[in-house]
Amino acid sequence: MSRIGKKAVPVPAGVTASIDNGTLSVKGPKGTLTLGMSDLIDYKIEDGQIAVTPANDSKQARAFWGMQRTLVSNLIEGVTEGFSKTLEISGVGYRAKAQGKTLKLELGFSHDVDLTVPEGVDVKTPDQTTVEISGMDKQAVGQFAAEIREFRKPEPYKGKGIKYRGEYIFRKEGKKK
């Protein structure tokens, strides 16, 4: 039995959920998100909650159960509050600048890295070494943050690179004479 899957997802005031043609649509103050429903899972909207249960007793249905409940929960949280990730850039000459729908990164390469911001994701740079990524879709926000971080992962000797705020970088000691 899934401990997470057993809990119904509460639908807060101001949010509407509907099931239509194999998709679950959630509409809230920030916008609308949809989720393609699995045939192995039953979804029921009742009493201001969305209940997720396995359709049969197969191993695959039980494996999908908790994940599907979490995806539904992320839809609700996305249309009410949204998601955000903050990246910190450290290194001499490393900086970032948001220009409309483009993020310009200077990371010590012979060229600047220009990234197009995906639809539904907002990027702000309060200062040159901080990038704030926010949006309704948790997967899109996390994916874009991971793509930015991939250009210069933090290295263990000086800690230079792009890291998530609050991330611990395991530091190594340099060579000894």
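Details
- Odd one out for Ser58, checked against (1) surrounded by 14 or more Cβ atoms within 10 Å (Cβ to Cβ); (2) closer than 30 Å to Ser18 by Cα: (1)
- When the residues of the stretch 67-88 are filtered to those that are over 15 Å from Ile4 (Cβ atoms) and small (Gly, Ala, Ser), the one that is surrounded by the most Cβ atoms within 10 Å (Cβ to Cβ) is Gly78.
- When residues of the stretch 124-165 are limited to those that are of a type in the set (Phe, Trp, Tyr) and in a helix (DSSP H, G or I), the one farthest from Val79 (Cα to Cα): Phe151
- Within the stretch 84-97, not a single residue is assigned to a strand (DSSP E or B) and free of Cβ contacts under 8 Å to residues at least 24 places away in the same chain.
- Residue list for the stretch 7-28, filter: in contact with a Lys or Arg (Cβ under 8 Å, 6 or more places away or on another chain), within 18 Å of Pro54 (Cα to Cα) and either surrounded by 15 or more Cβ atoms within 10 Å (Cβ to Cβ) or not assigned by TED's automatic domain parsing to the domain that holds Gln49 (or both): Val9
- In this structure, Gly91 does not qualify as at pLDDT below 95, closer than 30 Å to Ala13 by Cβ and touching a Lys or Arg at 6+ places or on another chain (Cβ under 8 Å).
The values are calculated or read from the model by the stated rules, or taken from the named source; none is laboratory data. Worth saying up front: this structure is predicted, and the values here are computed from it rather than measured. Neighbour counts run over all protein chains shown; Cβ positions are idealised from the backbone, glycine included.
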